[in-house]
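Chemist: Sending over a structure as structure tokens; questions will come in a sec.
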Amino acid sequence: MWPYPRIVAHRGGGKLAPENTLLAMQCGLQYGFRGVEFDVMLSKDGVPVLMHDPEFGRTVAGKGNVADSTAAQLLMMDAGSWFDPRFSNVKVPDYESIFRYCYQHGIWMNVEIKPVPGHEEETGHVVAQATARMLKELQNEPQTSATLSSPVVRSPLFSSFSFTALTCAKQSAPEIARGYLLDEYECNWLSSLEKLEARALHTNHKYLTTTWAKEIKAAGYGLFCYTVNEIERAREILSWGVDGFCTDRLDLIPPDLA
């Protein structure tokens, strides 16, 4: 049900590096995390890039939005100064460069498909097609020493709050597993998982109950939570049968937490 790392670095480096950047992925690896979660959306010209917010202002300074910006424009934008002025040279990365880095370093990826509103279908298809293509190319390349010395590199998993985006990802790359994201309990959660042929349900740990956790596991699905930043809470939900979770506190919660 859950053949992936149990504890995953949220947006690459949690609170220790500017999120959704190559620096964040490097940070997670330095702390021993062999699993990362990050967000992917499309530029104006249909190129997948790593970004959580559709509008600028938080991790990218200024006004504007991703859907109205070309990939060339986005890849020149400062994605590090908001975190620390020392990281002003850290730019918005494209999905392909991050995917290749993670794969070549034996890092499993939870790829959250994060469509700009109104672009759900296109984002689902494009991200899935790009992922399938890169997997095929990388699997045919000689393995690096990092890959050979790490655990077996597993196929990534798509997750999304968008049922439509995940449906389109399923159509374009049915061989890549899917996890449906929910913030709070929804009465039709099981029906949604069945329609998506999903492997897991991903949900906010704040709203998870022991009863719901048992129902998810009894139905035969993996159960993944976001974003757990306290060891006591991590151990509690693991005792409920949770298979994995992502964390911002890479400095507090080790990847091999017992």
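Chemist: Suppose we flag trypsin sites (Lys or Arg not before Pro) only when DSSP calls them loop and at most 11 other Cβ atoms lie within 10 Å. Which is the longest uninterrupted stretch of the chain?
Modeler: The answer is 64-258.
Chemist: Quick check on the exposure proxy: order Cys246, Cys187 from fewest to most C-beta atoms within 10 angstrom.
Modeler: Cys187, Cys246
Chemist: On to the next question. Which pairs, out of Lys44/Lys195; Lys91/Lys114; Lys91/Lys170; Lys63/Lys91, put more than 28 Å between their alpha-carbon atoms?
Modeler: Over 28 Å Cα-Cα: Lys44/Lys195; Lys91/Lys170.
Values quoted throughout were computed directly from the atomic coordinates according to the rules given, and no laboratory measurement underlies them. What you see is a predicted model, and the numbers here were worked out from it, not measured in a lab. Reconstructed Cβ throughout: ideal geometry from the backbone, glycine too, with neighbour counts over all protein chains shown.
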